[in-house]
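Presented below is the structure to which this report refers.
The values are calculated or read from the model by the stated rules, or taken from the named source; none is laboratory data. Fair warning: this is a prediction, and the values are worked out from it, not measured in the lab. Positions of Cβ are backbone-derived with ideal geometry, glycine not excepted, and every protein chain shown enters the neighbour counts.
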Ligand SMILES: [Zn+2]
Ligand SMILES: [Zn+2]
């Protein structure tokens, strides 16, 4: 891992590259506002969108995630996880306990009045034992997405995210960079990104990857494939004009792509919500022969 999180007291002792050190490498999430903001954005995007029903479904989940953080917060001292060669919240460093399941039943219960299709998924999920749910969660955290039904995965991942996001927000430490290669997995929890974001103002157009699980954002240089580090022949596709706020960054070396969102061009962008709402751009990019190198918590392909 090239971005490494170390305890504060060690930070001063590290001789790090002075240029890289000037750049904020990592932003931990703000769970108290993140999900409520996402729910609002999903509802806005649902107006005039061909997949508005789906965006409204995702908004209900995000609203419940916000409620869970408000009413069932967790406070765990994660300092002991920082002295490790692994990312602090990775499975290698922090075995999965079933605490996340405290969020699972309330999340399912937020759909009291819903479509028959969703009701069937929820009914199936409620029949799972703690152990069965634990196994499904472990498959997802290991990236074995084909081992879990895609509809079930959305509810499991959303509950896991409420847990991991809070833990990530409680890390009181900074990150250092050893180099800028191999940055495709989250330095906090080792999960795949959803997309890249150029944050609104403040960071001089720097690009960050947004974690699909713990919602942290980490720095990756621009015009570089986030999957294989290739810097040649990177091309950008968009649905509108050249200066569009949403593009796909496509790599000719490994034929992968990931979306890049520019908040300077549209300050309302929220990575997860806008990634779903721009599904048509995924379809167009895949038609050009590229495969997505990220995960959206609301879209698990089978
Ligand atoms: Zn993460
Ligand atoms: Zn590549």
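Right, residue 253: free of Cβ contacts under 8 Å to residues at least 40 places away in the same chain and within 25 Å of residue 56 (Cβ to Cβ) or not? For residue 253, the condition - free of Cβ contacts under 8 Å to residues at least 40 places away in the same chain and within 25 Å of residue 56 (Cβ to Cβ) - is not met. All but one of (1) over 16 Å from residue 100 (Cβ atoms); (2) within 16 Å of ligand 1 (Cβ to nearest atom); (3) buried (at least 21 other Cβ atoms within 10 Å of the Cβ) hold for residue 207; which doesn't? Of (1) over 16 Å from residue 100 (Cβ atoms); (2) within 16 Å of ligand 1 (Cβ to nearest atom); (3) buried (at least 21 other Cβ atoms within 10 Å of the Cβ), only one is false for residue 207: (2).
Taking the criterion of being on the phi > 0 side of the Ramachandran plot, more than 19 Å from the chain's Cα centre (by Cα) and either surrounded by fewer than 17 Cβ atoms within 10 Å (Cβ to Cβ) or in a helix (DSSP H, G or I) (or both), would at least one residue in region 40-62 satisfy it?
Going residue by residue through region 40-62, those that are on the phi > 0 side of the Ramachandran plot are 48.
Okay, now just the ones that are also more than 19 Å from the chain's Cα centre (by Cα), so 48.
Checking the rest, the ones that are also either surrounded by fewer than 17 Cβ atoms within 10 Å (Cβ to Cβ) or in a helix (DSSP H, G or I) (or both) come to 48.
Within region 40-62, one or more residues are on the phi > 0 side of the Ramachandran plot, more than 19 Å from the chain's Cα centre (by Cα) and either surrounded by fewer than 17 Cβ atoms within 10 Å (Cβ to Cβ) or in a helix (DSSP H, G or I) (or both).
Residue 168 passes every criterion in (1) within 16 Å of ligand 1 (Cβ to nearest atom); (2) touching a helix residue (DSSP H, G or I) at 6+ places or on another chain (Cβ under 6 Å) apart from (2). Checked against (1) in contact with a helix residue (DSSP H, G or I) (Cβ under 8 Å, 6 or more places away or on another chain); (2) within 23 Å of residue 81 (Cβ to Cβ); (3) modelled with pLDDT of 95 or more, residue 195 passes all but a single condition, namely (2).
Residues that are within 21 Å of residue 137 (Cβ to Cβ) and either loosely packed, with under 13 Cβ neighbours inside 10 Å or in the same structural domain as residue 216 (by TED's automatic domain parsing) (or both) within region 106-118 comprise just one, 109.
Per-residue answers, yes or no, for (1) part of a loop (DSSP other than H, G, I, E, B); (2) within 22 Å of residue 42 (Cβ to Cβ); (3) in the same structural domain as residue 192 (by TED's automatic domain parsing):
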residue	(1), (2), (3)
253	yes, no, yes
257	no, no, yes
261	no, yes, yes
268	yes, yes, yes
283	no, yes, yes
301	yes, yes, no
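Any residue at all in region 209-218 that is more than 16 Å from ligand 2 (Cβ to nearest atom) and farther than 29 Å from residue 142 by Cβ?
Initial filter on region 209-218 (more than 16 Å from ligand 2 (Cβ to nearest atom)): 210-218.
Filter once more, so that each one left must be farther than 29 Å from residue 142 by Cβ: none.
The answer is no, given that none of the residues of region 209-218 is more than 16 Å from ligand 2 (Cβ to nearest atom) and farther than 29 Å from residue 142 by Cβ.
Could you give me the residue pairs with C-beta distances under 6 Å whose first residue belongs to region 134-145 and is closer than 16 Å to residue 297 by Cβ, whose second residue is at pLDDT below 95 and in a loop (DSSP other than H, G, I, E, B) wherever it lies, and which are 6+ apart or on separate chains? Close Cβ pairs satisfying both conditions: 145/300. Of the residues making up region 195-217, those that are more than 11 Å from the chain's Cα centre (by Cα) and touching a residue at least 40 places away in the same chain (Cβ under 8 Å) are 197, 198, 199, 200, 201, 203, 205, 206, 207, 208. For residue 221, state whether it is more than 22 Å from residue 37 (Cβ to Cβ), within 14 Å of ligand 1 (Cβ to nearest atom) and under 19 Å from the mean Cα position of the chain (by Cα). So residue 221 does not fit the description; no. Is there a residue being crowded, with 17+ Cβ neighbours inside 10 Å and assigned to a helix (DSSP H, G or I) anywhere in region 79-95? For region 79-95, residues crowded, with 17+ Cβ neighbours inside 10 Å and assigned to a helix (DSSP H, G or I): present.
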